[in-house]
Amino acid sequence: MRNPLICKTLVLGLAFSTVASVAAAAGPAVSNGYPGPGADAATGATAPVYDPFEKANRGLYHFNKGLDRAIVRPLAMTYERGLPKPVRAGVRNGLNNLGEPNTLMNDVLQGRAKAGGVTAVRFVVNSTVGVLGLFDVAGRAMNLPIHYSDFGQTLGRYGVKAGPYVYIPVLGPSNFRDGFGRVVDSFTGILNIHDLGATTTDRLAVSVVDGLDTRAEYDPQLKELNRVATDPYATVRSFYTQNRNASFTDNHKGVQDLPDFDAPAAGGKTATPTSTPPSPPSQPN
Amino acid sequence: MTSGPLTSRLAGPSPGLGPGPGPGLGIALALALAPAIALTPLLPVTQAAAQSSQRDATAEQFVQTEATRALKILEVGSDTDKIRQFRVFVDQVADVPRITAFVLGKYERTITPTQSQQFATVFREYASNVYESRLDDYHGESLKVSGSVVRKPGDVIVTSAVVGGAQKQPVPVRWRVLQSGSGWRVVDVEVKGVWLAITEQQDFVSTIDNAGGNVGVLIAQLEKHNQEAAASRR
């Protein structure tokens, strides 16, 4: 990476953090009128995820699963086993660092001054003291852990609805809002905004390494999900949707959006499995 | 079920959409977004809402006490010991009948009494298998309750963090506790925005939907799962 460009990046980062602190000073602590997602006033049962293309999505889900089994997972596992842990951690830190400017931009767009400040400090410290982002100095020594912000999240914070759920080939779960957000993120990522001399191949390589590293890291969780879920497609959809909603909904509102736990006209609590002590499985072994 | 870090990266940076456009376009877009930055002071600071909302000290105390007790159970003893004690613990602390009804979602209203009885049995076993396979994951963690939000009377969300042990950073965990006759009971738990019982409900309802509304298909699947779990224990 060339020097003037890093300077440019740092300047941009500092400019954003200034805006963020101004926002913090000026922004009164208004408690309501928050532009979150509309309350899906669900009672009794959870509002189902809007998935009008379920049939096609399921097809793509199975396509991805096949692709994962045949190519992605084997590559990811080779990547994981082939590199010593510290090297992989460095690569992960470097990838995370490349993502910070976009996180910062979205922190600012979302009016999250404190988060934006954290991101700015992280980026500056890790890019310099952390040797171009290879070491997460800010996270370890300054107790400023990483967080991720993206444009889909920003849209969600301003009340843009998720729209139909979509399962994207190779990339996985998304929806109209977040898919559009990804496109914007791909424009605003550091490798695009700043002329770091990155070629198309470089960008693709970064994406591939990022994808493989992520895949390897979450292998145990994915295995567990596939083992435990009765409908893994629906479970992934539920995970994704809940996690995304929580990423831009403030705690208090999120709590009010939860479905009531008891169904309004449930047929009584006839099921009393707890009255008998749980016994070892009496299934034929 | 692990509702752990899987989702963090699902939502995080992911392999981009491949080659992006040239830097010029990117800058143009950044400039186009600049006016929005000026508007940011108009956005409310969201923490304020949480602070002003009502807390419930008894619910917080309940979670703190019981979580400490749970982690203590997991600290010592043989696996069979832990499993036995933990099952007793779950029956005392969780509102299993309410959870059992909730995870069936809309089908809770149409299920026959016989199926309801069958489901309760297999679901109890299934849920036990899921968490029992993970009991070994805990080593010296502790839980610190940090607050609560009253959703409505008798329905409280308690916020906490799991610290220490294998955790490099505190992991925020939220508990949904409902008032029942004898005090508070846990009905749901959340990590990274994902609620366990809600996820379970969406999983189960989808399975039943795809079986044309036949709850028996779900029961059979859970039974099969339980048998596999039993077989792997032998």
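Could you check residue B:185 against (1) among the basic types (Lys, Arg); (2) touching a residue at least 24 places away in the same chain (Cβ under 8 Å); (3) surrounded by fewer than 21 Cβ atoms within 10 Å (Cβ to Cβ) and say which number it fails?
Of everything listed in (1) among the basic types (Lys, Arg); (2) touching a residue at least 24 places away in the same chain (Cβ under 8 Å); (3) surrounded by fewer than 21 Cβ atoms within 10 Å (Cβ to Cβ), residue B:185 misses just condition (3).
Here are the criteria: (1) surrounded by 17 or more Cβ atoms within 10 Å (Cβ to Cβ); (2) over 20 Å from residue B:177 (Cβ atoms); (3) among the basic types (Lys, Arg). Tell me which single one residue B:98 does not satisfy.
(2)
Looking at the structure I just gave you, is residue A:78 more than 25 Å from residue A:225 (Cβ to Cβ) and in contact with a helix residue (DSSP H, G or I) (Cβ under 9 Å, 6 or more places away or on another chain)?
On the way: more than 25 Å from residue A:225 (Cβ to Cβ): no; in contact with a helix residue (DSSP H, G or I) (Cβ under 9 Å, 6 or more places away or on another chain): yes.
No; evaluated as a whole, the condition is false for this residue.
Using the structure shown, decide if residue B:209 is out of contact with any Leu (no Cβ under 7 Å at 6 or more places or on another chain), of a type in the set (Asp, Glu) and more than 7 Å from chain A (Cβ to nearest Cβ). Spell out the reasoning first.
Values: out of contact with any Leu (no Cβ under 7 Å at 6 or more places or on another chain): yes; of a type in the set (Asp, Glu): yes; more than 7 Å from chain A (Cβ to nearest Cβ): yes.
Judged against the criteria, residue B:209 is a match.
From A:183, A:206, A:170, A:166, which residue is touching a residue at least 60 places away in the same chain (Cβ under 8 Å), within 9 Å of another protein chain (Cβ to nearest Cβ) and not in a loop (DSSP other than H, G, I, E, B)? Spell out the reasoning first.
Values: A:183 fails: touching a residue at least 60 places away in the same chain (Cβ under 8 Å); A:170 fails: not in a loop (DSSP other than H, G, I, E, B); A:166 fails: within 9 Å of another protein chain (Cβ to nearest Cβ).
One residue alone meets the criteria, A:206.
Residue under question is residue A:176, and the condition is that it be at pLDDT 95 or above and out of contact with any helix residue (DSSP H, G or I) (no Cβ under 9 Å at 6 or more places or on another chain); does it hold?
Spelling it out, residue A:176 is indeed at pLDDT 95 or above and out of contact with any helix residue (DSSP H, G or I) (no Cβ under 9 Å at 6 or more places or on another chain).
Of all residues in the range B:55-111, which are within 14 Å of chain A (Cβ to nearest Cβ), under 27 Å from residue B:159 (Cβ atoms), touching an Asp or Glu at 6+ places or on another chain (Cβ under 8 Å) and of a type in the set (A, V, I, L, M)?
Once the filter is applied, which keeps residues that are within 14 Å of chain A (Cβ to nearest Cβ), under 27 Å from residue B:159 (Cβ atoms), touching an Asp or Glu at 6+ places or on another chain (Cβ under 8 Å) and of a type in the set (A, V, I, L, M), the range B:55-111 yields B:93, B:99, B:101, B:103.
Please state which one of B:31, B:43 is under 19 Å from residue A:111 (Cα atoms), out of contact with any helix residue (DSSP H, G or I) (no Cβ under 7 Å at 6 or more places or on another chain), more than 7 Å from chain A (Cβ to nearest Cβ) and modelled with pLDDT under 80.
Values: B:43 fails: more than 7 Å from chain A (Cβ to nearest Cβ).
Going through B:31, B:43 in turn, just one is under 19 Å from residue A:111 (Cα atoms), out of contact with any helix residue (DSSP H, G or I) (no Cβ under 7 Å at 6 or more places or on another chain), more than 7 Å from chain A (Cβ to nearest Cβ) and modelled with pLDDT under 80: B:31.
Quick one: count up the residues across the range A:228-255 that are part of a helix (DSSP H, G or I), more than 14 Å from the chain's Cα centre (by Cα), at pLDDT 90 or above and of a type outside the set (S, T, N, Q).
4
List the residue pairs whose Cβ atoms are under 7 Å apart, where the first residue sits in the range A:244-262 and is more than 7 Å from every other protein chain (Cβ to nearest Cβ) and free of Cβ contacts under 8 Å to residues at least 12 places away in the same chain, the second is among the β-branched types (Val, Ile, Thr) and part of a loop (DSSP other than H, G, I, E, B), and the two are 6 or more positions apart or on different chains.
none
I'd like the full set of residues that are over 17 Å from the mean Cα position of the chain (by Cα) and assigned to a strand (DSSP E or B), limited to the range B:117-143.
Our first condition is that a residue be over 17 Å from the mean Cα position of the chain (by Cα); within the range B:117-143, this holds for B:117-122, B:125, B:136, B:139-142.
The answer is B:141, B:142.
Can you tell me which residue within the range B:126-140, out of those that are touching a residue at least 60 places away in the same chain (Cβ under 8 Å) and of a type outside the set (Lys, Arg), is farthest from residue B:218 (Cα to Cα)? I'd like the intermediate steps shown before the answer.
Applying the first criterion (touching a residue at least 60 places away in the same chain (Cβ under 8 Å)) to the range B:126-140 yields B:126, B:129-130, B:133-135, B:138, B:140.
Still in the list and also of a type outside the set (Lys, Arg): B:126, B:129-130, B:133, B:135, B:138, B:140.
Numbers: B:126: 12, B:129: 16, B:130: 16, B:133: 21, B:135: 26, B:138: 31, B:140: 37 Å.
Out of the qualifying residues, it is B:140.
The values are calculated or read from the model by the stated rules, or taken from the named source; none is laboratory data. What you are looking at is a predicted structure, and each value in this text was computed from that prediction instead of being measured. Please note: Cβ atoms are built from the backbone with ideal geometry, for glycine as well, and neighbour counts cover all protein chains shown.
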